[in-house]
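Below is one structure, written out as structure tokens; comments come after it.
No lab work stands behind these numbers, since they all come straight from the coordinates. Worth saying up front: this structure is predicted, and the values here are computed from it rather than measured. Note: ideal-geometry Cβ built from the backbone for every residue, glycine included; neighbour counts use all protein chains shown.
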Amino acid sequence: MPVLYKLNKDKRKTSRTVGQYFARAIHVGVIDTDGLAKIMQANCTIKASDIKAVLTELVETMATQLQNSMRVKLDGLGSFKIGIRGIGSNTIDDYSVTKNVKGLRINFQPETKKDSTGVRQKAMLSGTKVQEAPRNENIGEKEAAKAKGAPSAGGGTK
């Protein structure tokens, strides 16, 4: 199945691309660990319960390793590391964790590989197709009604 998108108009008044349309990926659902485990079970000889156990342990082990200042690399997926968000100090002596560190975050860097033309590409995006999502006719009617100043049908909000 291709990655679906819909077109959105740039409405930011200060943007140099105001009025132009851009594709925005849409997501038709969420798959959790249970769903992934069931799919993986169908593709191999391991039971879903074993897969879930391994994935649960992976998350716990990754958290421990990240907190030990390790970069965690999952082959074919990418690397994770902890980043620090903070403010600077004028001197080394003025710096303190309590005053200057404002938070932590997880940085993810997807694995890349070179395609046939030598261009680096995210490994998980190789071969991805993109297709416009089916349009909802009601959306077009709502936009036309808004342009005319009429109330939209259905009474709902976005």
Computed for the range 1-120: size of charge dipole around the Cα centre, +1 on C-beta of each Lys and Arg, -1 on C-beta of each Asp and Glu, debye to nearest 20, value 820 debye
Simple spin-label estimate for Arg85 and Asp10 in nanometres, 7 Å along Cα-Cβ:
2.5 nm
How large is the dipole of the range 31-70 about the Cα centre if only Lys and Arg carry +1 and Asp and Glu carry -1, each at its Cβ, rounded to the nearest 20 debye?
120 debye
Estimated Rh, the range 31-70: Kirkwood, alpha-carbon pairs, angstrom
10.8 Å
Links exceeding 18 Å between C-alpha atoms in this model, out of Lys47/Lys73; Lys73/Lys122; Lys73/Lys113, come to Lys47/Lys73
Any residue on another chain or 5+ positions along whose placed amide H is under 5 Å from the amide H of Thr112 is listed here as Ala123
Can you grab the distance from the C-alpha centre of the range 2-39 to the C-alpha centre of the range 88-117, Å, no decimals?
27 Å
Inter-site label distance for Ile26 and Ala63 at 7 Å from Cα along Cβ, in nm:
3.5 nm
Taking the 0 to 90 degree range and rounding to the nearest ten, how far is the long axis of helix 33-43 tilted relative to the main principal axis of the chain, both from C-alpha atoms?
90 degrees
Tally the DSSP beta bridges in the chain and give the antiparallel ones as a percent, rounded to 5.
85 percent
Can you classify the range 1-87 as rounded, prolate or oblate using the Cα gyration tensor, where a ≥ b ≥ c are the square roots of its eigenvalues, rounded means a/c under 1.5, and otherwise it's prolate if a/b beats b/c and oblate if not?
oblate
Report, in degrees rounded to the nearest 10, the 0 to 90 angle that the Cα long axis of helix 48-67 makes with the longest principal axis of the chain.
70 degrees
Angle check, please: helix 137-148 long axis (alpha carbons) against the longest principal axis of the chain (alpha carbons), in degrees 0 to 90, nearest 10.
70 degrees
Please list, in chain and number order, the residues 5+ apart from Gly86 or on another chain whose amide H is under 5 Å from its amide H, with Hs placed from the backbone.
Lys102
Three-way shape label, the chain, alpha-carbon gyration tensor, a/c 1.5
oblate
